[in-house]
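Report on one structure; see the data block that follows.
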Amino acid sequence: MLKFFYAAKTCALASHIVLEQIGCPYEGVKLDFASQQQRTAEYLAVNPKGRVPALVTDRGVITETPAILLYLAQTFPQAGLAPLDDPFELAQAQAVNSYMASTVHVAHAHKRRGARWADDLAAQESMQRKVGANMIECFELIEREMLRGPWVLGEALSICDAYLFTMTTWLPGDGVDIERFTRVADHHRRMLALPAVQRTMALHA
Ligand SMILES: N[C@@H](CCC(=O)N[C@@H](CS)C(=O)NCC(=O)O)C(=O)O
């Protein structure tokens, strides 16, 4: 059985929603970041990066959200959560997910994790002040270019929707009103209506 390591309200929400949407059996293990459980020797043996998510499979551990998302979509093709038979469409899906991981997530991380990039407290505060504007820039692009509607890839729900939704849950904390992006806000509401999303959100409360 799959074992899934996560922490509340983190990027692990995306993979968690996909696990719930697929409906496959898995064991969820919730880490407590307040007590730094991601840095314990026990967890570092699972994921030496000290980050979540991590998915333990019968062949080993998978880390990195885009990798976990595609693994789940490929392992459970009956769930129809990625355009697996169409290389161009799958590349489009991966482009969206890569943007979430490499740009949107990183823009958000400058708010609380500035120490990764600078020791100077003034520099960290300066980076924090840019988070709202950077997230707005990202979401203006998403609104314009990455959301075909009603779902990210068009008519079919996919792994990209879980990832986009996860990023939108961070907007209020970054001081950004989601309603300034009409289509993203509509997508967020659609996602909230899905039972799998509701179940996962309850686990992350
Ligand atoms: N590139 C990784 C990022 C993973 C990551 O940074 N996770 C954060 C939570 S959103 C984390 O575990 N942070 C713990 C820490 O920095 O101590 C992914 O997309 O999965």
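Just so it is clear, none of the values below were taken in a lab; they were calculated from the coordinates. On a predicted model such as this, the values are computed, not experimentally measured, just so you know. Don't worry about glycine lacking a Cβ; one is built from the backbone with ideal geometry, like all the others, and counts go over all protein chains shown.
Tabulated results
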| read-out | value |
| --- | --- |
| Karplus (6.51, -1.76, 1.60) ³J(HN,Hα), θ = phi - 60°, over the stretch 34-49, in Hz, Gly and Pro reported as x | 4, 9, 6, 4, 6, 9, 6, 4, 4, 6, 4, 6, 7, 10, x, 6 |
| Volume per residue of the C-alpha convex hull in the stretch 42-141, rounded to whole Å³ | 123 Å³ |
| Share of Cα-Cα pairs in the chain lying beyond 25 Å, as whole percent | 37 percent |
| Separation of alpha-carbon centers, the stretch 98-127 and the stretch 52-82, rounded to whole Å | 26 Å |
| Distance histogram in 10 Å bins (all Cα pairs of the stretch 58-106, percent per bin) | 25, 50, 24, 1 |
| Exposure proxy ranking, count of Cβ atoms within 10 Å, fewest first, for D186, D174 | D186, D174 |
| A95-D119 FRET efficiency (beta carbon distance; Förster radius 30 Å; 0.05 resolution) | 0.30 |
| Footprinting exposure proxy for F88, F181 (fewest neighbouring C-beta atoms within 10 Å first) | F88, F181 |
| Amide H contacts under 5 Å for A54, placed H, 5+ residues apart | F5 |
| Relative exposure of I159, I22, I17, judged by other C-beta atoms within 10 Å (fewest first) | I22, I17, I159 |
| Under-5 Å amide H pairs with L171, H placed in peptide plane, nonlocal only | none |
| Relative contact order (%) - the stretch 62-197, alpha-carbon pairs under 8 angstrom, separation at least six | 23 percent |
| Residue among A73, A193, A101 with the largest mean-square fluctuation in a Gaussian network model of the chain, springs linking Cα atoms under 10 Å | A193 |
| Cα-only Debye scattering, the stretch 146-205: base-10 log of I(q)/I(0) at q = 0.15 Å⁻¹ | -0.42 |
| For the stretch 194-205, Karplus couplings with θ = phi - 60° (6.51, -1.76, 1.60), whole Hz, Gly/Pro x | 7, x, 4, 5, 4, 4, 5, 4, 5, 6, 9, 5 |
